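A.B. asks: What follows is a single structure, and I will ask about it in a moment.
The values are calculated or read from the model by the stated rules, or taken from the named source; none is laboratory data. Quantities reported herein were computed from a predicted structural model and do not represent experimental measurements. Here the Cβ positions follow ideal geometry from the backbone for every residue, glycine too, while neighbour counts run over all protein chains shown. Side chains are part of the model used for accessible areas, which takes the heavy atoms of the whole protein and leaves out ligands, DNA and RNA. Shrake-Rupley method; radii C 1.70, N 1.55, O 1.52, S 1.80 Å.
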Amino acid sequence: MGIDLEYVKRVGIGAACQGAAVLRSYFGKAFEINRKGEKDLVTTADTASEKAIIQAIRYRFPEHAIMAEESGRTDGSVAMQWIIDPLDGTTNFAHGLGVYAVSIAFASDNEVAVGVVLNPETGELFTAVRGKTAELNGQIIHVSETATISDALLVTGFPYGCRHRLPSLMNRFGKCVEAAQAVRRLGSAALDLCYVACGRFDGFWEEQLKPWDTAAGMLIAR
């Protein structure tokens with residue numbers, strides 16, 4: 001008997017709301033900011049949100065494995081794994097820019113089956129269950145019908161530590177700017193994918209993303 005994915009989605013939504021509440025309590029206030037790399041930030045809000053999310057999931061599914069951005073992997077059934085980004089868009093968050101998200105995915109046998117992405121500032125909740133429609137706050141969403149790149153609004157991001165690869169990255173960026181109607185950069189891959197899913201953007205590309213950046217958003221877009 002397989003796991004009830006609708007129930008998994010409800011648990012994921014509850015966990016995302018827990019994480020979002022933590023983030024809102026920190027947003028716009030003073031908090032500790034550290035660096036994982038030259039430009040890769042982590043704040044006390046990231047770790048506090050992740051703790052709240054994991055606690056919410058562990059309460060319902062103590063036997064499941066978890067892969068989270070800040071704490072890494074935890075023991076559990078590898079056939080049932082949660083993939084968590086407690087704060088996608090940390091740089092935005094640290095600067096008081098309300099373009100960030102909680103991203104939670106659930107994978108069964110290494111295939112993502114549930115995706116939940118919540119923007120705490122707008123209240124927009126994107127969800128999807130494998131084999132079913134994607135939704136924004138309970139309403140079915142669709143990708144755009146834009147047929148040509150020249151009419152497309154694209155979105156991208158740049159990887160951390162990209163200085164040594166900047167010429168090639170900017171060359172690709174320039175070609176896309178030239179070909180498309182316009183290109184944007186928001187700073188949250190999870191939201192970028194969800195905005196493709198609901199037709200706000202026509203396409204997205206970015207290099208060197210991690211599973212927690214894309215797992216939920218990719219399912220929602222697909």
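A.B. asks: Given the criteria aromatic (F, W, Y) and buried (at least 23 other Cβ atoms within 10 Å of the Cβ), does Y59 qualify? Don't jump to the end; show me each part of the working.
C.D. replies: Working: aromatic (F, W, Y): yes; buried (at least 23 other Cβ atoms within 10 Å of the Cβ): no.
Taking the combined requirement at face value, the residue does not satisfy it.
A.B. asks: How many residues does the stretch 165-222 contain that are in a loop (DSSP other than H, G, I, E, B) and either of a type in the set (K, R) or farther than 19 Å from Q81 by Cβ (or both)?
C.D. replies: Selection size over the stretch 165-222: 16.
A.B. asks: Right, next: Kindly list the number of the only condition in (1) at pLDDT below 95; (2) in a loop (DSSP other than H, G, I, E, B) that fails for K132.
C.D. replies: (1)
A.B. asks: Next question. In the stretch 183-201, what residues are more than 16 Å from T127 (Cα to Cα) and either among the aromatic types (F, W, Y) or open to solvent by less than 20 Å² (accessible area, probe 1.4 Å) (or both)?
C.D. replies: Within the stretch 183-201, S188, F201 qualify.
A.B. asks: Regarding R130, is this residue farther than 18 Å from W212 by Cα, among the basic types (K, R) and touching a residue at least 12 places away in the same chain (Cβ under 8 Å)? So that I can check it myself, show each step before the final result.
C.D. replies: On the way: farther than 18 Å from W212 by Cα: no; among the basic types (K, R): yes; touching a residue at least 12 places away in the same chain (Cβ under 8 Å): yes.
Spelling it out, it is not the case that R130 is farther than 18 Å from W212 by Cα, among the basic types (K, R) and touching a residue at least 12 places away in the same chain (Cβ under 8 Å).
A.B. asks: Could you list, ordered by first residue, the pairs with Cβ atoms under 6 Å in which the first is in the stretch 15-26 and assigned to a helix (DSSP H, G or I) and the second is buried (at least 23 other Cβ atoms within 10 Å of the Cβ) and polar (S, T, N, Q), at least 6 apart or interchain?
C.D. replies: G19/S49; V22/S49; L23/S49
A.B. asks: Follow-up. Inside the stretch 1-14, can you point out the residues that are assigned to a helix (DSSP H, G or I), farther than 12 Å from I104 by Cα and aliphatic (A, V, I, L, M)? Write out each step before concluding.
C.D. replies: So in the stretch 1-14, the residues assigned to a helix (DSSP H, G or I) come out as 5-14.
Then drop every residue that is not farther than 12 Å from I104 by Cα, which leaves 5-7.
Listed by number, the list holds a single entry, L5.
A.B. asks: Check whether at least one residue in the stretch 100-117 is under 13 Å from the mean Cα position of the chain (by Cα), in a loop (DSSP other than H, G, I, E, B) and small (G, A, S), and report yes or no.
C.D. replies: First, pick out the residues of the stretch 100-117 that are under 13 Å from the mean Cα position of the chain (by Cα): 100-106, 114-117.
This time we only want the ones that are in a loop (DSSP other than H, G, I, E, B), so: 100.
Next, only the ones that are small (G, A, S) stay: none.
The answer is no; no qualifying residue exists.
A.B. asks: Taking the condition of being modelled with pLDDT of 95 or more, aliphatic (A, V, I, L, M) and touching a strand residue (DSSP E or B) at 6+ places or on another chain (Cβ under 7 Å), how many residues in the stretch 1-54 meet it?
C.D. replies: Of the residues in the stretch 1-54, 9 are modelled with pLDDT of 95 or more, aliphatic (A, V, I, L, M) and touching a strand residue (DSSP E or B) at 6+ places or on another chain (Cβ under 7 Å).
A.B. asks: Given the criteria in a strand (DSSP E or B), open to solvent by 40 Å² or more (accessible area, probe 1.4 Å) and either under 23 Å from A128 (Cβ atoms) or at pLDDT below 90 (or both), does V78 qualify?
C.D. replies: Yes; evaluated as a whole, the condition is true for this residue.
A.B. asks: Would you confirm whether any residue within the stretch 155-164 is open to solvent by 60 Å² or more (accessible area, probe 1.4 Å), out of contact with any Leu (no Cβ under 6 Å at 6 or more places or on another chain) and assigned to a helix (DSSP H, G or I)?
C.D. replies: So far as the stretch 155-164 goes, yes, one or more of its residues are open to solvent by 60 Å² or more (accessible area, probe 1.4 Å), out of contact with any Leu (no Cβ under 6 Å at 6 or more places or on another chain) and assigned to a helix (DSSP H, G or I).
A.B. asks: Any residue at all in the stretch 89-97 that's open to solvent by 20 Å² or more (accessible area, probe 1.4 Å), among the small types (G, A, S) and under 15 Å from W212 (Cα atoms)?
C.D. replies: For the stretch 89-97, residues open to solvent by 20 Å² or more (accessible area, probe 1.4 Å), among the small types (G, A, S) and under 15 Å from W212 (Cα atoms): absent.
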